[in-house]
Amino acid sequence: MAEPNEFDSQIREAFGARFDLERELTGGGMSRVFLAVERALNRQVVIKVLPPDLAAGVNRERFRREIQLAAQLQHPHIVPLYSAGELGDLLYYTMPFIEGESLKHALHGERPQRFTPREVVRILHDVVDALAYAHERGVIHRDIKPGNVLRSGSHAVVTDFGVAKAISAAMP
């Protein structure tokens, strides 16, 4: 990770027993996002952490309920939540690391990609399938955008399901 500050030290101390933090990822919005290896299962995971200043204003019980609702979503085009919790004044959740890039990066990165009509239809089908599944269960994404659609092989998967709602709903 980049040069350590107090928050980075707090994260290393909080997660050091369970995870080997590899690096910070970009594009976390309100949260800080880290790539890590979960020691017990030797798998790469993404850890999203709400900074203490944001976490301080969050109703933790409501955040927990919203995260639990999002964690119920089990669908091939939705990135699942592995775990969530709090360590001291840090609120966090973990999910699998998805090899591939976001649709945002594919469209606006260093080498923007042009998609064939067939690829566009496949991506839209996967995203709409994920959204329909969630909507049938009363969950609305609230932050669907190219940065929250990841490309995994020839498929698209939607990430951060319900998490935007969990944060906004838990704020006073």
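Phi-derived couplings, Karplus 6.51 cos²θ - 1.76 cosθ + 1.60 at θ = phi - 60°, listed residue by residue for the range 49-54: 10, 7, x, x, 5, 6 Hz, with x used for Gly and Pro.
Dividing the radius of gyration of the alpha carbons in the range 58-103 by their Kirkwood radius gives 1.03 for Rg/Rh.
Per-peptide packing, taken as the mean over residues of other Cβ atoms within 10 Å, places 153-160, 116-123, 51-58 in the sequence 153-160, 51-58, 116-123 from highest down.
With all protein chains kept in place, the per residue accessible area of the range 1-92 amounts to 55 square angstrom at a probe of 1.4 angstrom.
Dividing the summed -39500 (n - 2.57) terms of all DSSP H runs of n ≥ 4 by the residue count of the chain sets its mean residue ellipticity at 222 nm at -10000 deg cm²/dmol. Principal-axis analysis of the Cα atoms of the chain puts helix 60-71 at an angle of about 30° to the longest axis.
In the chain, carbon and sulfur make up what percent of the accessible area (probe 1.4 Å)? Intermediate results must be reported in sequence, preceding the final value.
Values: 5060 of 9710 Å².
Percent of accessible area from carbon and sulfur atoms in the chain: 52.
Fully extending the segment from VAL37 to GLN113 would add 24.4 nm, taking 0.36 nm per residue of separation and subtracting the current Cα-Cα distance.
Per residue, how large is the accessible surface of the range 108-158? Use a 1.4 angstrom probe and give square angstrom. Display every interim value, and only then the final one.
On the way: 3510 Å² over 51 residues.
I get 69 Å² per residue for this part.
For the chain, the relative contact order comes to 22 percent (Cα pairs under 8 Å, sequence separation of at least 6). Taken along the Cα-to-beta-carbon direction at a fixed 7 Å, the label points for ASP53 and GLU24 span 1.3 nm. GNM on the chain, alpha-carbon springs under 10 angstrom: the most fluctuating residue among LEU124, LEU73, LEU21 is LEU124.
The values are calculated or read from the model by the stated rules, or taken from the named source; none is laboratory data. Not measured: the values here are computed from a predicted model. Quick reminder, even Gly has a Cβ in these numbers, built from the backbone with ideal geometry, and neighbours come from all protein chains shown. All accessible areas refer to the heavy atoms of the entire protein, side chains included, with ligands and DNA or RNA removed. Shrake-Rupley method; radii C 1.70, N 1.55, O 1.52, S 1.80 Å.
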